[in-house]
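Please read the structure below before turning to the comments.
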Amino acid sequence: MIGRLNHVAIAVPDLDAAAEQYRGALGAVVGPAIDQPDHGVTVIFVELPNTKIEFLYPLGAESPIQNFLDKNPAGGIHHICYEVDDIIAARDKLVATGARVLGNGEPKIGAHNKPVLFLHPKDFQGCLIELEEV
Ligand SMILES: CC[C@@H](C(=O)O)C(=O)SCCNC(=O)CCNC(=O)[C@H](O)C(C)(C)COP(=O)(O)OP(=O)(O)OC[C@H]1O[C@@H](n2cnc3c(N)ncnc32)[C@H](O)[C@@H]1OP(=O)(O)O
Ligand SMILES: [Co+2]
């Protein structure tokens, strides 16, 4: 059901420092910071030949990544995003196995203007999973 790895997300305490490190020391192609108010984060995407890195920084008082950054003040890998062809079919299949879909269970439009869903990390080997319909 899952397809390509779309991105690996890293929650960071300093967005500008993360962007500069990847641009400078690692020589990566780093995009602009973009606020995603519907998701409570500001994101920067790093373009790699085979996937993307998503830097995440909290936006607003109710950011879903605030607890994670409080527990991991130096930052850390926050989620991985897999591509799926049909996000509703994927969701329904996963729910039938007992997996918990986060939020209200309905897809939201993500950073790539495609529908996304999140799956509880406790149901997937301790790793928060994002599904993105492509
Ligand atoms: C920009 C849009 C989009 C894109 O297109 O790319 C994005 O990527 S948005 C990214 C941000 N959005 C989300 O993360 C939405 C889904 N996340 C959530 O709903 C919550 O973050 C969460 C996963 C339910 C956690 O909520 P929180 O309030 O932080 O709960 P707890 O702190 O109580 O955590 C419960 C439990 O889970 C562990 N945990 C929390 N986050 C993670 C994580 N990222 N990876 C692995 N484990 C995680 C946490 O440690 C707790 O465990 P215990 O301490 O053992 O109870
Ligand atoms: Co993401």
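With the structure loaded, tell me whether E20 is open to solvent by 40 Å² or more (accessible area, probe 1.4 Å), of a type in the set (D, E) and not in a loop (DSSP other than H, G, I, E, B) or whether it fails that test.
yes
Restrict the check to the range 51-60 and report whether at least one residue is touching a strand residue (DSSP E or B) at 6+ places or on another chain (Cβ under 7 Å) and more than 13 Å from ligand 2 (Cβ to nearest atom).
Taking every residue of the range 51-60 in turn, at least one turns out to be touching a strand residue (DSSP E or B) at 6+ places or on another chain (Cβ under 7 Å) and more than 13 Å from ligand 2 (Cβ to nearest atom).
Name the residue that is farthest from P64 (Cα to Cα), counting only residues in the range 107-131 that are touching a helix residue (DSSP H, G or I) at 6+ places or on another chain (Cβ under 9 Å) and in a loop (DSSP other than H, G, I, E, B).
My answer is K114.
Give me a count of the residues in the range 90-108 that are in contact (Cβ under 8 Å) with a residue 12 or more places away in the chain and more than 12 Å from ligand 2 (Cβ to nearest atom).
Total meeting the criteria: 12.
Within the range 2-17, count every residue that is open to solvent by 60 Å² or more (accessible area, probe 1.4 Å), under 19 Å from H112 (Cβ atoms) and assigned to a loop (DSSP other than H, G, I, E, B).
Adding up the residues that qualify gives 2.
Open to solvent by less than 70 Å² (accessible area, probe 1.4 Å) and either within 11 Å of P13 (Cβ to Cβ) or under 13 Å from the mean Cα position of the chain (by Cα) (or both): is that true of L56 in this structure?
yes
Taking the residues in the range 91-111 that are open to solvent by 50 Å² or more (accessible area, probe 1.4 Å) and within 26 Å of P13 (Cα to Cα) as candidates, determine which candidate is nearest to ligand 1 (Cβ to nearest atom).
L102
Kindly indicate the residue of the range 34-76 that is in a loop (DSSP other than H, G, I, E, B) and of a type in the set (S, T, N, Q) and also farthest from ligand 1 (Cβ to nearest atom) among those meeting that condition.
In this case the residue turns out to be N50.
Using beta carbons and a limit of 8 Å, which pairs, at least six apart or on different chains, have the first residue in the range 70-82 and closer than 20 Å to L119 by Cβ and in contact (Cβ under 8 Å) with a residue 12 or more places away in the chain and the second one away from ligand 2 (no atom under 16 Å from the Cβ) and not in a strand (DSSP E or B)?
Going by the 8 Å Cβ cut-off, there are no qualifying pairs.
Just to be sure before I move on: is I88 outside any helix (DSSP H, G or I), open to solvent by 20 Å² or more (accessible area, probe 1.4 Å), closer than 21 Å to H120 by Cα and of a type in the set (A, V, I, L, M) in the structure I sent?
For I88, the condition - outside any helix (DSSP H, G or I), open to solvent by 20 Å² or more (accessible area, probe 1.4 Å), closer than 21 Å to H120 by Cα and of a type in the set (A, V, I, L, M) - is not met.
The values are calculated or read from the model by the stated rules, or taken from the named source; none is laboratory data. Predicted, not measured: the structure shown is a model, and the values here were computed from it. Don't worry about glycine lacking a Cβ; one is built from the backbone with ideal geometry, like all the others, and counts go over all protein chains shown. All accessible areas refer to the heavy atoms of the entire protein, side chains included, with ligands and DNA or RNA removed. Shrake-Rupley method; radii C 1.70, N 1.55, O 1.52, S 1.80 Å.
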